[in-house]
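Each remark here refers to the structure printed beneath this line.
Please treat every number below as a calculation from the coordinates, not as lab data. None of these values were measured; they are calculated from a predicted model. Neighbour counts are summed over all protein chains in view; Cβ atoms, including those assigned to glycine, are modelled from backbone coordinates with ideal geometry.
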Amino acid sequence: MSQGSLTGKVAMITGATAKRGMGHAIALRLAGEGADIIVVDRAKVAPSLFPGDEGWRGLEEEIEEIEALGRKAMAIEMDISKADSVNKGVAAAVAKFGRIDILVNCAAIRGTPNLDLVDGDEKEWQALFEVNSLGPFIISKAVIKQMIKRGEGGKIVHFASVAGRMGAKGNAAYAASKWAVIGLIQSLALEVAQHKINVNGICPGMIVTNLRDHHMVAGAKKQGISVDEFRQNEYDMVSKAIPIGRIGQVDDISNVVSFLVSSQADYLTGQSINVCGGIRMD
């Protein structure tokens, strides 16, 4: 989208504190297109294991980046799986900006990778569903109420995953929680279409982010190599299975989100779009 295409809009982005996260990239992209930004996460700072990220200050630094683009910004510590936390955070955002036109819900947790269901733990399943599935419901409810009350429509983008379209060996809990998000997107889109609120989703494939940092540490330790070496080996291996031939970058995601929250997507709703280099096409 062009610079200024979102002027006058206010966007809330959850899951925004990781330096290399999709939420961070989306916040900066939408700010660059003219939107004022509310960055949300349950922690002020998320550590990054990438070289050079040691001094990252999380939400505080993001606010500075957004304001440097000439936009207003606000940071909220919010747990999207807790209604009280969400209602308080949304109320604070509306009190400051008067509106929320755009919700991009990136917040999610990964769980233990490569863990077969028979070895899984009920508490981890519950935690994944509370954040990844219940969370989108809770924050949608709070934001949509004020969108409907204002009567000017809105855009909502929830993050599912290509794992929400197919089984994922060793990642059943994560996959199941993301299948639920796709169902929510379709159902919610039908419910709020009359209010000119568009609800769509993103299904990322393998993207270079901080989400798998702990997996990288565990894998590197198991193989007796550095985290950077393990990460590069995994990226090289995965790239060979992707038709486009490379791992995705956060800008690949923010490009699609930019379209979905713009007026150019006014006739698009209830869709969950694969952004995965062609590894999944349904």
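So how strong a dipole does the stretch 158-282 carry about its Cα centre when Lys and Arg Cβ are +1 and Asp and Glu Cβ are -1, to the nearest 20 debye?
Charge dipole of the stretch 158-282: 340 debye, to the nearest 20.
I'd like the FRET efficiency for Ala43 and Asn114, computed as 1/(1 + (r/R0)^6) with the beta carbon distance as r and R0 of 30 Å, rounded to 0.05.
Rounded to the nearest 0.05, the efficiency is 0.75.
So how do Lys19, Lys141 line up by other beta-carbon neighbours within 10 Å, fewest first?
Lys141, Lys19
Using only Cα atoms, what is the ratio of the radius of gyration of the stretch 157-205 to 2.2 N^0.38 Å?
It is 1.24.
Which residue, chosen from Gly277, Ile242, Ile38, occupies the Cα position most advanced towards the positive end of the dipole of the chain, where the dipole is computed from +1 (Lys, Arg) and -1 (Asp, Glu) charges on Cβ about the Cα centre?
The listed residue farthest towards the positive side: Ile38.
Percentage of Cα-Cα pair distances in the stretch 148-231 greater than 20 Å, rounded to whole percent?
So the portion of pairs separated by more than 20 Å is 52 percent.
Report, please, the projected area of the stretch 41-116 averaged over directions, based on the convex hull of its C-alpha atoms, in nm².
Over every viewing direction, the Cα hull of the stretch 41-116 projects on average to 7.3 nm².
Treating the angle as unsigned and between 0 and 90°, give the value, to the nearest 10°, between the Cα long axis of helix 213-223 and the longest Cα principal axis of the chain.
Long axis of 213-223 versus the principal axis of the chain: about 0 degrees.
Assign unit charges at the C-beta atoms only (+1 for Lys and Arg, -1 for Asp and Glu), then state the dipole size of the chain relative to its Cα centre in Debye, rounded to the nearest 20.
Value, rounded to 20: 620 debye.
As a check on your grasp of the helix formula, calculate [θ] at 222 nm for the chain: sum -39500 (n - 2.57) over DSSP H runs of n ≥ 4, divide by the residue count, round to the nearest 500.
About -13000 deg cm²/dmol.
Over all alpha-carbon pairs in the chain, figure out the percentage whose distance exceeds 25 Å.
In whole percent, the share of Cα-Cα pairs in the chain beyond 25 Å is 44.
Taking the Cα atoms only, what angle lies between the long axis of helix 83-97 and the longest principal axis of the chain, rounded to 10 degrees?
Tilt relative to the chain: about 50 degrees.
Calculate the translational D of the stretch 74-200 in whole µm² s⁻¹ from Stokes-Einstein, where the hydrodynamic radius comes from the Kirkwood formula applied to all Cα pairs, the temperature is 37 °C and the viscosity 0.692 mPa s.
Taking Rh from Cα pairs, D becomes 214 µm²/s.
Considering the alpha-carbon set of the stretch 1-131 alone, what are its Rg and its Dmax in angstrom?
16.1, 52
Rounded to whole Å, give me the distance from the Cα center of the stretch 56-112 to that of the stretch 1-47.
8
Taking the Cα atoms only, what angle lies between the long axis of helix 59-68 and the longest principal axis of the chain, rounded to 10 degrees?
50
Using packing as a proxy for protection, rank 24-33, 45-54, 220-229 so that the peptide with the highest average count of other Cβ atoms within 10 Å comes first.
Ranking, from highest mean packing down: 24-33, 45-54, 220-229.
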